[in-house]
Amino acid sequence: MAPPVLRVGLIGNGTVGAAFASALDANHERLSQRLGVRVRLVQIAVRTPDRHRDVLPGVRVHDDAESLANDGGIDVVVEASGDLAASQWLRRVIARGAAAVSANKLAIASDRALLDALARRHPLLHCEGAVAAALPIVRALRDSLDGEEIHDLRGVLNGTTTFILTQLERGACFDDAVAAAQEAGYAESDTSTDLSGRDAAAKLAILATLAWRRPVTLDEVATRGIDGNIVDVVRVACDHGSRVRLVAEAWEEDGLQLRVAPKILDAADPLARAEDVINVVAVQSALAGPLTWYGAGAGGTRTASALLGDVLAASRALVGTHTGRIAA
Ligand SMILES: NC(=O)c1ccc[n+]([C@@H]2O[C@H](COP(=O)([O-])OP(=O)(O)OC[C@H]3O[C@@H](n4cnc5c(N)ncnc54)[C@H](OP(=O)(O)O)[C@@H]3O)[C@@H](O)[C@H]2O)c1
């Protein structure tokens, strides 16, 4: 008998969404074998469907993300639109008992209900791709370190600012470094979310929510970004063998403290290893001691890896609801 089918709907078919669709297509047989059910992409919602008509045969492309989220025929909704309205779609998906997978840090970190679901480890909400692409930091905090007491968490979480700071270290001026980040496809034409520190603050809010098990919103993070004034600080730091990075950190001190700001890092600091679009996350916990994650924190294929893992986790939660028993 053919195994049942899990139907996937995708919102957004840009850098991340398209990489996910093609990774799902390429790995479809293997994933289906691992899950014991077939996984099939059935719908894609975008803003301008005409530009995406030739995606994959048999996949319906339209411009109504809300109807996709509400569609009872879709079991797993993967959201990679970047639209702030996505928080409503994700809530709706979970409320109707389907699974939601999102790479959209800003939508999640602005929505208390979604953060609350994350803090409670809701089995139908997954967002590994929202923080540091494929670095498995979301799942590590959510599952592996779930029994732990986290003392502090620090990260270089924004690839665009790290790329710019790396260019400044190599002698570029600020405007040229920003232009190089845009040319390399790391920075959007509107760089404000990255440069202001808001992108890193959203990622920190998600990680702190998981680490301290209570909803931490983006607005709770004291945030300062970088601008042209950072150039002199970078040069002085370089002269002393140090580095400047936009550091996101959360720690306990008279309550939970949350901050994103440029910091001068000693060369021996694990965060100082972040170069170009490499992200680094360091966690200090009661039993495990210091732990560090290091790797590419941006890019369509990297993020698609995280989304595939999330689709499997979400699908297992759905399938397990029906077939979760094991023989004695
Ligand atoms: N790029 C990365 O390296 C990276 C890494 C990790 C996480 N993320 C996150 O992943 C998300 C997507 O990023 P991206 O770089 O893939 O963006 P992108 O290339 O700009 O693609 C966005 C896609 O979403 C669609 N879209 C936007 N608003 C929509 C709406 N209201 N309804 C339906 N579709 C909508 C767009 O449709 P059209 O094509 O028709 O305009 C486009 O296909 C963002 O939340 C981002 O923060 C990105």
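The values are calculated or read from the model by the stated rules, or taken from the named source; none is laboratory data. In this text the structure is predicted, and so the values were computed from the model without any measurement. Here the Cβ positions follow ideal geometry from the backbone for every residue, glycine too, while neighbour counts run over all protein chains shown. Areas reflect the complete protein model, heavy atoms only, side chains present, ligands, DNA and RNA absent. Shrake-Rupley method; radii C 1.70, N 1.55, O 1.52, S 1.80 Å.
Structural remarks
- Backbone amide hydrogens, once placed in the peptide plane, bring Ile11 within less than 5 Å of Ala45, Val78, Glu79, Ala80, excluding anything fewer than 5 places away on its chain.
- Amide H to amide H distances under 5 Å link His151 with Gln284, Ser285, Ala286, where only residues 5 or more positions off or on other chains count and H is placed in the peptide plane.
- Difference of contour (0.36 nm per residue) and Cα-Cα distance, Ala288 to Asp116: 59.4 nm
- Note that segment 5-13 has calculated 3J(HN,Hα) couplings of 10, 9, 9, 9, x, 10, 10, x, 10 Hz, one per residue in order, obtained from phi through the Karplus relation 6.51 cos²θ - 1.76 cosθ + 1.60 (θ = phi - 60°); glycine and proline are x.
- Whole-percent carbon and sulfur share, accessible surface of the chain, 1.4 Å: 48 percent
- When only the Cβ of Lys, Arg, Asp and Glu is charged (+1, +1, -1, -1), the dipole of segment 150-296 relative to its Cα centre reaches about 400 debye.
- Centre-to-centre separation between the Cα atoms of segment 148-218 and those of segment 62-135: 22 Å.
- Taking amide H positions as modeled 1.01 Å from N, with prolines and chain starts lacking one, no residue 5 or more places away or on another chain lies under 5 Å from Asp269.
- What the phi angles of segment 252-261 give under the Karplus curve with 6.51, -1.76 and 1.60, with θ = phi - 60°, is a coupling list of 8, 6, 6, x, 7, 9, 9, 8, 10, 6 Hz, glycine and proline written as x.
- For the chain, the square roots a ≥ b ≥ c of the C-alpha gyration tensor eigenvalues yield an a/c of 1.5 or more together with a/b exceeding b/c, which makes the shape prolate.
- Summary of packing: across the peptides 301-309, 41-49, the per-residue average of other C-beta atoms within 10 Å ranks them, highest first, as 301-309, 41-49.
- Tensor-based shape of segment 221-328 (alpha-carbon gyration tensor, a/c under 1.5 rounded, otherwise prolate or oblate): prolate
- The string of couplings for segment 295-307 from the Karplus curve (6.51, -1.76, 1.60, θ = phi - 60°) is x, 5, x, 7, x, x, 5, 4, 6, 4, 4, 5, 5 Hz, one whole number per residue in order, with x for Gly and Pro.
- The length gained by stretching the chain between Asn70 and His28 to full extension, at 0.36 nm per residue less their Cα-Cα distance, is 12.7 nm.
- Entry comment: accessible area of segment 150-296 is 43 Å² per residue, from protein heavy atoms only and a probe of 1.4 Å.
- In the chain, helical runs assigned H by DSSP with n ≥ 4 each contribute -39500 (n - 2.57); averaged across all residues and rounded to the nearest 500, the mean residue ellipticity at 222 nm is -11500 deg cm²/dmol.
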